[in-house]
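Colleague: Handing you this structure, nothing more for now.
The values are calculated or read from the model by the stated rules, or taken from the named source; none is laboratory data. Treat the numbers as computed from the prediction; the structure is a model and nothing was measured. Reconstructed Cβ throughout: ideal geometry from the backbone, glycine too, with neighbour counts over all protein chains shown. Each accessible area value is taken on the protein alone, full model and side chains, heavy atoms only, with ligands, DNA and RNA left out. Shrake-Rupley method; radii C 1.70, N 1.55, O 1.52, S 1.80 Å.
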Amino acid sequence: MLGKLLKYDLKFVYKVVVVFYILAFIFSLLTRLFFSIENSLLFTVLGQIVNGAMISMLISSLINSLMRSWVRLINNVYKDESYLTHTLPVEKKTIYLSKVLTAIICSFTTVVVALLCVFISYYSKENMDVLKTFLKLTAESYDITVIGLLFTISIVIFLEILFIILIGYVGIIVGHQSNKNKMLKSVILGIGLYLATSTLTLGIVYIIGLFNEKVMNVINTTEIVNADAIKYVMIAGIAIYVIYNIIYYIIGKKQLEKGVNVD
């Protein structure tokens, strides 16, 4: 049943997001075409315009991936579709898992599309050499391999996107337990949880810094920062967000299992 739920959830989200994907690919091809024409002010200007349009489409695709995932939860669980959803022989935790997996998959494909579009737009031997040099210097400054650096960045991005997704779901589920102003309460709760959790994270890192001078130097950036301290902060940050995501996933699942007030 999870597979069927996931199929229809993905179909709902991709119905709009795929349009932004196509436009992003078209603008990336035009960017490459216009930038390849040298000594032409007109094509340079056009290249800058379509390049900006490509970036706009990529940002829009990510935003729409998140927004339509949240809208899918609202429509499917609380609006007219909910009358059919709640008659299905499936547990609420399975419905919730499908929504979370949908948001994760769509966010992942959006990042992949973004990387492909950037590659199409800017790839050249010279640019790749500059990128490799930059990554190597950055990795060496952190006393880590290039692969390790890329892996760490990928993990951080994934955890941050998942963090936003889960907070949105918790806000929607808890907000819709009210009898009125459900959407307003959902938005306020979601924003409040994000700000509160982010503040808590800074507080945790600061407390760690009180007992570790090197970590405090990373926070203050007033002295030469030790690479080990930076790695320590990065690892601690990843661990903290893993914990947050687990907590918010459990909260969302438990709150949905309590029951639903259909509009």
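Colleague: I'd like the carbon and sulfur percentage of the solvent accessible area for the chain, probe radius 1.4 Å, heavy atoms only, ligands and nucleic acids excluded. Please report the intermediate quantities before stating the final value.
Modeller: Details: 10890 of 15180 Å².
Exposed carbon and sulfur together represent 72 percent of the surface.
Colleague: Let me ask something additional. If we count every other residue with Cβ under 12 angstrom of L256's Cβ, Lys/Arg +1 and Asp/Glu -1, where does the sum land? If you can, show how the numbers build up before the last one.
Modeller: Numbers: positive: K92, K93, K99, K253, K254, K258; negative: E91, E257.
Net of charged neighbours comes to +4.
Colleague: Greater than 22 Å separation of Cα atoms is the criterion. Which listed pairs, K7/K182; K11/K99; K4/K185; K15/K253; K99/K182, meet it? Don't skip to the end; give the middle numbers.
Modeller: Working: K7/K182 28 Å; K11/K99 12 Å; K4/K185 31 Å; K15/K253 26 Å; K99/K182 19 Å.
Over 22 Å apart, Cα to Cα: K7/K182; K4/K185; K15/K253.
Colleague: Continuing with the same structure: Among [x] 30, 21, 18; [y] 36, 30, 15; [z] 59, 21, 16, find the value of semi-axes √(5λ) of the Cα gyration tensor in Å that was calculated from the structure presented, and write down its label.
Modeller: Given [x] 30, 21, 18; [y] 36, 30, 15; [z] 59, 21, 16, the structure-derived one carries the label [y].
Colleague: Further, regarding this structure: I'd like to verify something in the chain: which complete DSSP H helices, judged by Cα projection on the helix axis, reach 27 Å or more and average at least 1.0 on the Kyte-Doolittle scale? Let's see the in-between values first.
Modeller: Working: long enough: 2-36 (47 Å, 1.39); 41-77 (53 Å, 1.17); 92-122 (45 Å, 1.58); 146-175 (43 Å, 2.71); 182-211 (43 Å, 1.61); 227-257 (45 Å, 0.93).
Flagged H segments are 2-36, 41-77, 92-122, 146-175, 182-211.
Colleague: Send over a whole-number figure in Å² for the accessible area per residue of segment 1-105, probe 1.4 Å.
Modeller: Details: 5720 Å² over 105 residues.
Roughly 54 Å² per residue, with all protein chains present.
Colleague: Taking K and R as +1 and D and E as -1, what net charge do the other residues with C-beta under 9 Å from the C-beta of G175 add up to?
Modeller: Working: positive: K182, K185; negative: none.
Spelling it out: positives minus negatives among the neighbours equals +2.
Colleague: Can you list the lysines whose alpha carbon is less than 26 Å from that of K136, not counting same-chain residues fewer than 8 positions off?
Modeller: Here the lysines satisfying the reach criterion relative to K136 are K125, K214, K231.
Colleague: Highest mean first, how do 124-137, 40-53 rank when packing is the count of other Cβ atoms within 10 Å averaged over residues? Spell out each step's value before the answer.
Modeller: Numbers: 124-137: 11.0, 40-53: 14.3.
By packing density, highest mean first, the sequence is 40-53, 124-137.
Colleague: Over the chain, what is the mean sequence separation of C-alpha contacts under 8 Å (at least six apart), divided by residue count, expressed as relative contact order in percent? Present the calculation step by step, with values, prior to reporting the outcome.
Modeller: Numbers: 242 pairs, mean separation 56.7, N = 263.
Over the chain, the number comes to 22 percent.
Colleague: Still on this model: Placing +1 at every Lys and Arg Cβ and -1 at every Asp and Glu Cβ, with all other atoms neutral, what dipole size does the chain have around its Cα centre, in debye to the nearest 20?
Modeller: Values: 22 positive and 15 negative charges, 230 e Å.
Here the size comes out at about 1100 debye.
Colleague: Still on this structure, I have one more. Taking only DSSP H segments of four or more residues, each worth -39500 (n - 2.57), what value at 222 nm results for the chain once the sum is divided by all its residues, to the nearest 500 deg cm²/dmol?
Modeller: Mean residue ellipticity at 222 nm (helix-derived): -30000 deg cm²/dmol.
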